[in-house]
Amino acid sequence: MSQTENKQGQVETTGHVWDGDLREYNNPLPRWWLWAFYVTIVFSVVYWILYPAWPYGDTYTKGINTVEYTVEEDGEEKTVSEHWNTRALFTRDMQSSPSAMAQDEWTDKVKDMSFEEIEQDPDTLQFAMSMGNYTFGDYCAACHGAGGQGKVGLFPNLADNDWLYGNSYETIVDKINNGIKGNMPAQNVAEDKIDDLATYVLSLSGEAEISGEAASRGKEAFSSCAGCHGAEGKGNQSMGAPNLTDAIWDVADVPGCGDDTACKVDEIKHVVNNGIKREMPAFGDRLTETQARMLAIYVRQMGGN
């Protein structure tokens with residue numbers, strides 16, 4: 001027998017021998033390993049066909065697998081089919097999970113109920129409040145604050161039960177959908193009258209005292225304001241003109257002045273001289289009708305009705 005021949009039971013060699021007894025074995029891979037390797041090759045090819053895989057140019061292969069989910073457009077639900085991706089998959093899962101389906105049932109229930117019926121049903125009211133809170137956090141809290149407290153001079157306080165445009169659900173929904181332009185033009189008040197006007201405005205809510213000729217001059221100057229705020233300063237909700245007699249200050253930071261009357265007068269003068277320009281965008285194109293209704297419920301409840 002030659003040195004390159006195999007003995008019975010030995011692993012096959014390639015026939016290469018070094019130094020007389022060093023042989024190169026031809027030890028085959030286990031059959032199960034080979035089959036597993038072949039399966040991975042098949043799997044990768046199938047994956048490349050089904051899912052996004054290969055980049056090319058400024059895009060990539062999308063794959064033939066799709067994900068379907070629903071979206072609401074113009075008040076109607078429509079099915080969207082999109083190539084497989086994690087965002088579409090997440091959207092579908094959020095719509096098809098047991099919790100999402102339960103939420104849809106409650107949403108459909110709220111859609112068909114009047115505001116009065118929702119208020120009278122504690123469970124439905126709680127659901128509407130929960131969903132309204134979620135929507136408020138997404139769309140409103142950035143300006144009005146997480147608790148609706150607003151910011152003096154910029155964004156109204158929604159938690160004080162003082163409603164510039166009224167607190168009916170229909171009004172709140174309308175403002176959510178169509179937005180608000182809360183503008184007051186700057187008033188051209190003579191320098192010798194503006195102190196009396198500002199003091200008179202403060203006196204309407206008990207923030208300052210004014211009498212005699214100063215009160216007469218202030219009331220006369222206020223006549224240019226009465227067209228919006230009313231002769232007694234009680235405001236006009238149809239115009240969003242605030243009530244000046246309730247000691248609630250949205251723009252002038254009167255409370256921040258403490259007991260300093262001169263500071264309060266300066267705050268009022270600043271508003272009179274510069275006017276007010278603030279705007280809330282319309283959300284009707286971003287919220288469904290039911291979302292807007294539940295947000296209105298949350299905002300109204302936040303203000304204590």
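The values are calculated or read from the model by the stated rules, or taken from the named source; none is laboratory data. Note that this is a predicted model, so its numbers are computed, not measured. Cβ atoms come from the backbone with ideal geometry, glycine included; neighbour counts cover every protein chain shown. Only protein heavy atoms, including side chains, enter the accessible area calculation; ligands, DNA and RNA are left aside. Shrake-Rupley method; radii C 1.70, N 1.55, O 1.52, S 1.80 Å.
Some points to look at:
- Between the Cα long axis of helix 169-178 and the first principal axis of the chain there is an angle of about 60°, rounded to the nearest 10.
- When +1 charges are put on Lys and Arg Cβ atoms and -1 charges on Asp and Glu Cβ atoms, the dipole computed for the chain relative to its Cα centre reaches about 840 debye.
- Only alpha carbons enter this Debye calculation for the chain, each as an equal point scatterer, and the log10 of I(q)/I(0) it gives at q = 0.09, 0.11 Å⁻¹ is -0.69, -0.85.
- Within straight-line reach of K175, meaning a Cα separation under 20 Å, sit the following lysines at least 8 residues removed in sequence or on another chain: K111, K151, K277.
- Estimated at 0.36 nm per residue, the fully extended path between L22 and A36 surpasses their Cα-Cα distance by 1.8 nm.
- Amide H partners (placed H, <5 Å) of T13, local residues excluded: N26
- Part-to-part distance (alpha-carbon centres) for segment 147-192 and segment 242-263, which is given in Å: 15 Å
- Take the Cα radius of gyration of segment 77-118 and divide it by 2.2 N^0.38 Å, N being the number of residues; the result is 1.53.
- Fully extended contour minus Cα-Cα distance, from E209 to V45, at 0.36 nm per residue: 50.5 nm
- Cys residues of the chain that find no other Cys beta carbon under 4.7 Å: C140, C143, C225, C228.
- Carbon plus sulfur fraction of accessible area for the chain, probe 1.4 Å, in percent: 52 percent
- S216-K111 FRET efficiency (beta carbon distance; Förster radius 51 Å; 0.05 resolution): 0.35
- Of all segments of the chain bounded by GluC sites (Glu not before Pro) found in a DSSP loop with no more than 15 other C-beta atoms within 10 Å, the longest spans 13-208.
- Selection from M129, A146, P98, by position along the positive dipole direction of the chain (Cβ): P98
- Excluding ligands, DNA and RNA, the accessible surface per residue across the chain is 64 Å² with a 1.4 Å probe.
- Cross-link reach list, aspartates and glutamates versus K78, counting only Cα pairs under 14 Å and skipping chain neighbours closer than eight places: E68
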